[in-house]
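Scroll down for the structure; my scribbles are underneath it.
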Amino acid sequence: MQECFSNFFLIIYSLIDAKINGYKCEPYREQKIVNMRFGFILGLFSLAIVSCTSNAAVEQSSSPVEQMSPIASSPASSPIALDSESSQVLKTGMFASGEHPTQGAVRLVSQDGKFFLELDQAFTTSSNGPDLVVILHRSSDVLGSTQPPAFPIQEGEYVVLAPLEKFSGAQRYAIPDTVDLADYASAAIWCRQFNATFGAALLQ
């Protein structure tokens, strides 16, 4: 800004000097040169004014930005835990392989007055069989009470909970209220179409 004012005063001085010198020149031979010199300096004077005005505007517009304090970003909202009654584990078991390799843990749980059969994350069975279902079986030794290699089971010895959702990983199956859990000792993965037991687990 100070440099602009210095240039401004220098140009004013040049204008005055040009006029004075113009009066000293011969009126006819030098008048054209004087007018050109005066016009050129006047143009510089106009540019100096525009330049100073622009610099002042830039300084005014930039000052608030420099003085503005940074805005702190709001922290992400933490998830709100929903109040619910935790499930109670009643019985657990480990799968033993039947017609096809089957492994993992299973448990019988109670939550909000309902009963569920849960397979853990380590559960896995074969994807070869069609129409696989999850069942509860009356026997405490499903595989030992039948014959390999298919380990077929008898009608009336089991209740079907639902079709198997996936061949591996954690999953949960609701147990109907009409099922008396006292009548069933084991859980099993059963191929309904070919009456083949893929795996079974004693619940205790």
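Every number here is computed from the coordinates shown, using simple stated rules; none is lab data. Just so it is clear, the model here is predicted, and its values are computed rather than measured. Every residue, glycine as well, gets a Cβ built from its backbone with ideal geometry; the counts of neighbours run over all protein chains shown.
Side notes on the structure shown:
- Looking only at residues in segment 168-178 that are without any contact (Cβ under 8 Å) to a residue 60 or more places away in the chain and within 15 Å of Y158 (Cβ to Cβ), the one that is surrounded by the most Cβ atoms within 10 Å (Cβ to Cβ) is Y173.
- Going through (1) out of contact with any Phe, Trp or Tyr (no Cβ under 6 Å at 6 or more places or on another chain); (2) surrounded by 15 or more Cβ atoms within 10 Å (Cβ to Cβ) one by one, D141 falls short only on (2).
- Tallying residues that are farther than 20 Å from T125 by Cα and not in a strand (DSSP E or B) within segment 170-204 yields 11.
- Scanning segment 146-192 for residues that are over 41 Å from the mean Cα position of the chain (by Cα) and within 17 Å of T102 (Cβ to Cβ) yields a count of 8.
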